[in-house]
Amino acid sequence: MAHRCWPDPEARFKRFGKDSGGNFFLEAFQAAPQVRLRSTEDRCRSQLADLTVLNERLAGRQTTWQIRTRLEYLKTRRRNWESIYEYVTKADASATLAMIEEANRKVEAALSEESRERTSVVALKTQLVELQQEVNAAHQRLHLTQARVDFNMQRINELKEEATQLERMRSMLSTAESTLDMEPGLRNFWYPTAFSSKVDANMLVPFDLFGEPWVLFRNETGVVSCVKDECAHRACPLSLGKVVDGKVQCPYHGWEYTGAGECVTMPSTVQCLGIRVSSLPCTEQDGFVWVWPGSQPPTELPALAQPPKGFTMHAEIEVEVPVEHGLLLENLLDLAHAPFTHTSTFAKGWPIPDFVKFKAARLLGGNWDPYPIDMSFEPPCCVVSLIGLSQPGKIKRGLRAGECENHLHQLHVCLPSKKGHTRLLYRMSMDFMDWTRSVPGIQRFWRYIAGQVLGEDLVLVAGQQDRMERGSDTWANPVSYDKLAVRYRRWRNSVDGDSNEQQAAVAALTRMSAGELFSMSEDVADLEEGLACDSNGCSV
Ligand code: FES
Ligand SMILES: [Fe+2]
């Protein structure tokens, strides 16, 4: 083949696209014969097919072409493998039986009166020995057929099992339903709403949760409270006011409210009694301010997954994101998108792996393969990940996070702030490069990096949200690397209700001990038993 030169880069790009860079060897490679590697299963099936063709031809019932056509039809569907099996073994068995019958018939004919009269004793003896050999060969063939029947039966059972699992997996995945609505049941959880370090004395920290405006502030003793960010007088946002003597003062007419929401000061008028704004149960733990927005009594505060010993916190970032929190969580729980989406940031230059798998060690957590990343979803809205780095900034594929020298620990909190909006709290810790914490402007730098990465995702997730608003289904065709995100969605579907029983079942699930969770196989059947939720709740 004549090699063509493409000295002009633009012409080369037009000809070969962005990947080849105009390497003129490409055409030669494309023209080379392709070698197809067959798996063991392929070989088994092909052998089975060849056997069928042989049997049919021996029986002389159909032409090779007709047999092949029928086989191709049968091979199109897995469940038809049983028919193929029966087809092959029956044909084989009947061919063998025909051989035995034929041999017996010959023996009988040889031993008949008429034959004995016509044939000499020596010739008859020779004939009988030959016939005996024929019968023996037929019997041997029968044994072979029996062995083949057993082998094929085993293989068919394996295929059937595989097909059943695939069907169950498919039906299970198709039960995940995306929604932009915030299910009432989601309210009955503790939510980390702000970093404690960002709620200073005399500071008002507003945020939205489930479409309602709230504001955090500390009293004189440092106790943090959460009240509705809306004055009881004329609905002015209280967060525009200030903290006075441990109370929040409205900037409009100066009404003041305690942390419990009670209005205790009304300047320039007679104090009205019993005026108040709503407040939420509020507490601090693990460096977060937590609130309980539910209608049911608060449960025990959950322990948020902390970085292992030896880690130092490097950044705490809060950002309002214009996408629904579930979509953002699903994005964070998916690593397969990284080499396609994050091509300008952390996944720059990452090759596309042959496969990406999430290996579930428990119901909502496990590790990614081939990436050295452990990840879990922590209900109701957190993603914890531990990333192993072979050297600062470099990821090495094929390892587990624990096998790496350096680690990055990330916590993403995706608060359902209002419809189509998320309040994202991001905390990053590392077990190396401690010295960077004292570098001037480092916080700005981390914020910039986080913004870049988030920006790459947001344009896509916002696009998904747009399609959902137009009625599209974001879970129409999930695949195996969507496992963790699908499990999140199933968990979320399971809290779509406000009944006590349902909440108890979901709470029981989220409280499962590590032992119980680890004993759960990632096998689909076990998963379904582990999290089978319907309108009556979840069976755990
Ligand atoms: S609106 Fe708040 S005091 Fe009047
Ligand atoms: Fe991403």
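Things worth noting here:
- Taken over segment 218-236, residues that are under 22 Å from residue 187 (Cβ atoms) and either surrounded by fewer than 20 Cβ atoms within 10 Å (Cβ to Cβ) or of a type outside the set (S, T, N, Q) (or both) amount to 6.
- Candidate set from segment 262-316 (those that are in contact with a strand residue (DSSP E or B) (Cβ under 7 Å, 6 or more places away or on another chain) and among the acidic types (Asp, Glu)); member that is nearest to residue 185 (Cα to Cα): 284
- When every residue of segment 325-341 is checked against the conditions, none turns out to be touching a strand residue (DSSP E or B) at 6+ places or on another chain (Cβ under 8 Å) and polar (S, T, N, Q).
- The residue list 223, 227 contains one member that is within 15 Å of residue 293 (Cβ to Cβ), under 42 Å from the mean Cα position of the chain (by Cα), of a type outside the set (S, T, N, Q) and away from ligand 2 (no atom under 16 Å from the Cβ), which is 227.
- The residue of segment 240-250 that is surrounded by the most Cβ atoms within 10 Å (Cβ to Cβ), among those that are within 12 Å of ligand 1 (Cβ to nearest atom) and either among the polar types (S, T, N, Q) or part of a loop (DSSP other than H, G, I, E, B) (or both), is 250.
- On inspection, residue 264 qualifies as assigned to a strand (DSSP E or B), within 15 Å of ligand 1 (Cβ to nearest atom) and exposed (fewer than 15 other Cβ atoms within 10 Å of the Cβ).
- From the list 463, 388, 398, the lone residue that is small (Gly, Ala, Ser), assigned to a strand (DSSP E or B) and more than 16 Å from ligand 1 (Cβ to nearest atom) is 388.
- Members of segment 436-460 found to be farther than 18 Å from residue 319 by Cα and part of a helix (DSSP H, G or I), listed by number: 436, 437, 438
- Of all residues in segment 332-362, those that are closer than 23 Å to residue 489 by Cα, of a type in the set (Gly, Ala, Ser) and within 13 Å of ligand 2 (Cβ to nearest atom) total 2.
- Members of segment 464-480 that are out of contact with any helix residue (DSSP H, G or I) (no Cβ under 7 Å at 6 or more places or on another chain) and either surrounded by 11 or more Cβ atoms within 10 Å (Cβ to Cβ) or not small (Gly, Ala, Ser) (or both): 466, 467, 468, 469, 470, 472, 473, 477, 479, 480
- Pairs with Cβ under 6 Å, 6+ apart, first in segment 263-291 and assigned by TED's automatic domain parsing to the domain that holds residue 208 and closer than 15 Å to residue 215 by Cβ, second of a type outside the set (Ser, Thr, Tyr) and exposed (fewer than 15 other Cβ atoms within 10 Å of the Cβ): 279/260
- Residues of segment 349-360 classified as within 26 Å of residue 307 (Cα to Cα) and either loosely packed, with under 15 Cβ neighbours inside 10 Å or acidic (Asp, Glu) (or both), total: 1
- Of all residues in segment 426-444, one or more are in contact (Cβ under 8 Å) with a residue 12 or more places away in the chain, assigned by TED's automatic domain parsing to the domain that holds residue 391, crowded, with 21+ Cβ neighbours inside 10 Å and away from ligand 2 (no atom under 16 Å from the Cβ).
- Set 270, 323, 277, 291: member being closer than 15 Å to residue 413 by Cα and more than 16 Å from ligand 2 (Cβ to nearest atom): 291
The values are calculated or read from the model by the stated rules, or taken from the named source; none is laboratory data. Computed from a predicted model, the values in this text were never measured in an experiment. We place every Cβ from the backbone using ideal geometry, glycine too, and count neighbours over all the protein chains shown.
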